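The structure appears below as structure tokens.
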Amino acid sequence: METSNINPPLWLLAELTYRCPLQCPYCSNPLKLEGSESELTTAQWIDVFTQAREMGAVQLGLSGGEPLLRKDLAELIREARALGYYSNLITSGIGLNAHKVADFRKSGLDHIQISFQASNEELNTWLSGSRKAIEQKLEMAREIKAQGYPMVLNFVTHKHNLDEVDKIIELCIELKADFVELATCKHYGWAFENRAHLLPTREQLERAEAVTNDYRRQLEAEGNPMQLIFVTPDYYEDVPVACMGGLGEIFLTVTPDGTALPCHSARILPMTFPNVKTTRLDQIWQASDGFMRFRDNAWMKEPCRSCANKTKDRGGCRCQAYMMTGDMYATDPLCSKSPDHHHIEAAVAQAYETKPVAKPILFRNPRNAKALQTL
């Protein structure tokens, strides 16, 4: 692919740290986490922001782990504003306070998204590992709204909380949320390890989506502008979608240690990804193997190679293909045409098992896991 045909990245996700006070068993961070000593410095992050902006990136996600654990967060937000980014802080809310909300707003932050584990204290505690987490989240959600930010709430849904989607939505109405994402968890990283504990049944999903649609109609009738976004898991589809809108086409992730990735899970793939400490972002985006390899269709095997949808779905997710088959060039097993589709069918069948899962659930942060192992 010629460099002149490569579009610039539009979205930069800055994973500022993998440190986090919570233990969520569906976390998208890698199973093996680096320590804080390997994190990019303030100056290095600002250089990354500058290079990406020069390339054309317009939206900046400040994520983690928990980005609030970075003491330079307000400074990074100010620099992002000076560069002209639309910036979004993606946080658990743990460690946030009214002073920080005001400071971030003064620094130029556009958007704060708070993640919740559940609408009730018991389930939130079991999933997060913190008995005070939900109180802090609720307080900060109200503070964000009071200080004039759009209130954006994210609930990762799964087998354990999907049947309570009505309670989740009622909580969001009470908090006067503007946007609510009900995102059935994607099975990468910790969520893949815990798939048997987390994957809901099709009937659970259908009920939850029906409830969500009922609330959409109710909100519209009442003139409530709150937007409900319901994201279904791909395990119940038989046609994949292009990963991240096409690997290396829109989305650029930089991890805490400076590794540049075409999606936040790509570091599991058996290939070498460059680091911003040693290579400029434009060179990474336009010429590195980690970004170039899956941009066209030359890598595809059958049945992808002769499939009429190959330019649309791009063979599906490379990480999912690798996790399930050990071959990153395989057709995404999600696809009904894939010879490995039985992996998806087996996972779905397991979601209907009534006996307890033999393998204990694996929490991201084990310090509280033993006391909170069961519901």
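Shown for the stretch 122-184: the carbon plus sulfur share of the solvent-accessible area, taken with all protein chains present and a 1.4 angstrom probe, equals 49%.
How long are the semi-axes of the equivalent ellipsoid of the stretch 240-335, defined as square roots of 5 times the Cα gyration tensor eigenvalues? Whole Å, largest first. Show your work: numbers first, answer last.
Working: eigenvalues 113, 36, 23 Å².
Working through the eigenvalues yields semi-axes of 24, 13, 11 Å.
Counted over the chain, the DSSP beta bridges are approximately 10% antiparallel.
When only Cα pairs below 8 angstrom with a gap of at least 6 residues are kept, the chain shows a relative contact order of 20 percent. Working from Cα pairs under 8 Å separated by at least six residues, relative contact order for the stretch 230-375 is 23 percent. For Tyr235, the accessible surface of its heavy atoms amounts to roughly 10 Å² (probe 1.4 Å, protein chains only, rounded to the nearest 10). Using a probe of 1.4 Å on the protein chains alone, the accessible area found for Tyr86 is around 90 Å². Would you calculate a helix-derived [θ] at 222 nm for the chain, using -39,500 (n - 2.57) for each DSSP H run of n ≥ 4 and dividing by the full residue count, to the nearest 500? Helices in the chain give a 222 nm mean residue ellipticity of -10000 deg cm²/dmol.
If a paramagnetic tag sat 7 Å from the Cα of Glu220 along the Cα-Cβ line, which residues of the stretch 130-151 would have the backbone N under 16 Å from that point? Within reach of a label on Glu220, which here means backbone N under 16 Å from a point 7 Å along Cα→Cβ, the stretch 130-151 contributes nothing.
When Arg195, Arg131, Arg305 are compared by accessible surface with a 1.4 Å probe, the order from highest to lowest is Arg131, Arg305, Arg195.
Relative contact order, whole percent, for the stretch 122-278 stands at 18, derived from Cα pairs under 8 Å and 6 or more residues apart. Highest mobility in the GNM of the chain, judged by mean-square fluctuation with C-alpha springs under 10 Å and restricted to Leu96, Leu13, Leu33, is found for Leu33. Placing pseudo-labels 7 Å out from each Cα toward the beta carbon at Gln283 and Asp238 gives an inter-label distance of 4.8 nm. Between Lys145 and Ser36, the FRET efficiency estimated from the beta carbon spacing at R0 = 22 angstrom works out to 0.10.
All C-alpha pair distances within the stretch 107-210, sorted into 5 Å bins from zero, spread as 2, 12, 22, 23, 19, 13, 7, 2, 0, 0 percent across the bins. Over all pairs of different C-alpha atoms in the chain, the reciprocal of the mean inverse distance, the Kirkwood hydrodynamic radius, equals 21.7 Å. The distance separating the Cα centre of the stretch 293-324 from that of the stretch 155-204 comes to 29 Å.
Where a ≥ b ≥ c are the square roots of the eigenvalues of the C-alpha gyration tensor, would you call the stretch 243-294 rounded, which needs a/c under 1.5, or, failing that, prolate if a/b is larger than b/c, or oblate? Don't jump to the answer; show the numbers that get you there.
Numbers: a/c = 1.44, a/b = 1.22, b/c = 1.18.
Here the stretch 243-294 falls in the rounded category.
Legend: residue pairs Lys32/Lys337; Lys186/Lys310; Lys186/Lys277; Lys145/Lys167; Lys186/Lys355, Cα-Cα distance threshold 25 Å; pairs beyond threshold, Lys32/Lys337; Lys186/Lys277. In this structure the amide hydrogen of Phe116, modeled in the peptide plane, comes within under 5 Å of the amide hydrogens of Asn154, Phe155, Val156, none closer than 5 places in sequence on its chain.
Here each label is just a point 7 Å from Cα along the line to Cβ, and for Val348 and Ala196 those points are 2.0 nm apart.
Structure remark: mean-square fluctuation, Gaussian network model of the chain, C-alpha springs under 10 Å; the largest value among Cys307, Cys335, Cys185 belongs to Cys307.
3J(HN,Hα) along the stretch 17-33, derived from phi through the Karplus expression 6.51 cos²θ - 1.76 cosθ + 1.60 where θ = phi - 60°, amounts to 7, 9, 5, 7, x, 9, 10, 3, x, 10, 4, 7, 5, x, 5, 9, 9 Hz, with x in place of Gly and Pro.
Dipole of the chain computed with +1 at Lys/Arg Cβ and -1 at Asp/Glu Cβ about the Cα centre; of His158, Trp126, Pro274, farthest Cα towards the positive end is Pro274. To put it simply, the accessible area of the stretch 224-358 at a 1.4 Å probe is 53 percent carbon and sulfur. In the elastic network of the chain, a GNM with C-alpha springs shorter than 10 Å, the most mobile of Gly148, Gly316, Gly129 is Gly148.
Here the dipole of the stretch 180-292 is about 360 debye; that uses its Cα centre as origin and unit charges on the Cβ of Lys and Arg (positive) and Asp and Glu (negative).
Positive end of the dipole of the chain (Cβ unit charges, origin at the Cα centre): among Tyr85, Cys27, Gly245, the Cα lying farthest that way belongs to Cys27.
The values are calculated or read from the model by the stated rules, or taken from the named source; none is laboratory data. It should be emphasised that the depicted structure is a prediction, and the values quoted were computed from it without experimental measurement. All Cβ positions, even for glycine, are placed from backbone atoms using ideal geometry, and neighbour counts span all protein chains on display. What goes into the accessible areas is simple: the full protein's heavy atoms, side chains included, and nothing from ligands, DNA or RNA. Shrake-Rupley method; radii C 1.70, N 1.55, O 1.52, S 1.80 Å.
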